[in-house]
Amino acid sequence: MSDPAPLAQDLPQQPLWQAGWYGAARHLASPNFGPRPEGAQIDLVVIHSISLPPGQYGTGAVQQLFTNQLDWDAHPYYQGIRGLEVSSHFFVTRQGEIWQFVSCDDRAWHAGVSQWRGRDRCNDDSIGIELEGLEGLSFEAPQYQALQQLCSAIAAQYPVHYIAGHEHIAPGRKQDPGPGFDWQRLQQQLGSAGGTRSWEFPPRA
């Protein structure tokens with residue numbers, strides 16, 4: 001007679017974080033990253049939006065872009081970004097699924113030329129989160145729920161104090177996530193949790 005299957009409470013608990021990788025995300029490692037500068041404070045979360053081709057969802061092209069696997073000839077839009085090497089730490093699909101491409105201990109290539117809270121080069125000390133969407137359009141409820149979960153997990157591991165959009169750290173150059181993103185909703189969500197309650201949001205327009 002075989003031994004009974006272990007009960008859920010008897011199974012070993014997986015750590016929430018391992019070497020900067022979030023345990024609840026799907027992991028797909030990107031080659032587009034580098035070390036953070038010595039002494040960097042990981043105190044900023046940057047919210048982006050992306051869809052490839054623009055306005056088309058669930059194509060897998062974002063994952064391909066972040067891992068340098070995108071077929072540049074698959075769509076006319078890709079000719080304008082041919083050869084681009086970028087990444088983000090996280091990508092949240094319209095269904096709220098969380099993907100991770102770079103360890104949060106490392107520097108992902110998501111912010112570009114940027115400035116926030118008196119510092120330049122936001123890639124050095126930020127965590128980038130891409131939401132599947134088109135700048136100016138709205139986002140889905142599961143994405144806000146996943147974002148709240150992810151931010152709470154980040155707050156438990158890193159000394160984040162600020163959150164901003166790509167449009168805030170690179171004004172005039174970037175417009176994402178855009179006016180369709182509900183910052184007030186996110187602020188209310190994060191204000192209900194201890195770890196994110198003190199996060200500083202961008203000034204409201």
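The values are calculated or read from the model by the stated rules, or taken from the named source; none is laboratory data. Here the structure is a predicted model, which means the values were calculated and not measured. Neighbour counts are summed over all protein chains in view; Cβ atoms, including those assigned to glycine, are modelled from backbone coordinates with ideal geometry. Each accessible area value is taken on the protein alone, full model and side chains, heavy atoms only, with ligands, DNA and RNA left out. Shrake-Rupley method; radii C 1.70, N 1.55, O 1.52, S 1.80 Å.
Things to note:
- Scan of the range 180-205 for residues that are more than 16 Å from His161 (Cβ to Cβ), part of a loop (DSSP other than H, G, I, E, B) and open to solvent by 30 Å² or more (accessible area, probe 1.4 Å), ordered by number: Asp182, Ser192, Arg204, Ala205
- Single condition Pro177 does not satisfy, out of (1) modelled with pLDDT under 95; (2) open to solvent by less than 50 Å² (accessible area, probe 1.4 Å): (1)
- Selection of the range 126-149 for residues being surrounded by fewer than 22 Cβ atoms within 10 Å (Cβ to Cβ) and in a helix (DSSP H, G or I) yields Ala141, Pro142, Tyr144, Gln145, Gln148, Gln149.
- Any hit, the range 21-31, residues being open to solvent by less than 40 Å² (accessible area, probe 1.4 Å), within 19 Å of Asp176 (Cα to Cα) and at pLDDT 95 or above: no
- Tally of residues being farther than 21 Å from Leu150 by Cα and assigned to a strand (DSSP E or B) across the range 28-75: 1
- Whenever a residue of the range 61-80 is free of Cβ contacts under 8 Å to residues at least 40 places away in the same chain, its partners that are among the hydroxyl-bearing types (Ser, Thr, Tyr) and open to solvent by less than 70 Å² (accessible area, probe 1.4 Å), lying with C-beta atoms within less than 7 angstrom and at least six residues away or across chains, give the pairs Phe66/Ser30; Phe66/Ser87; Phe66/Ser88; Thr67/Ser30; Leu70/Tyr78; Trp72/Tyr78.
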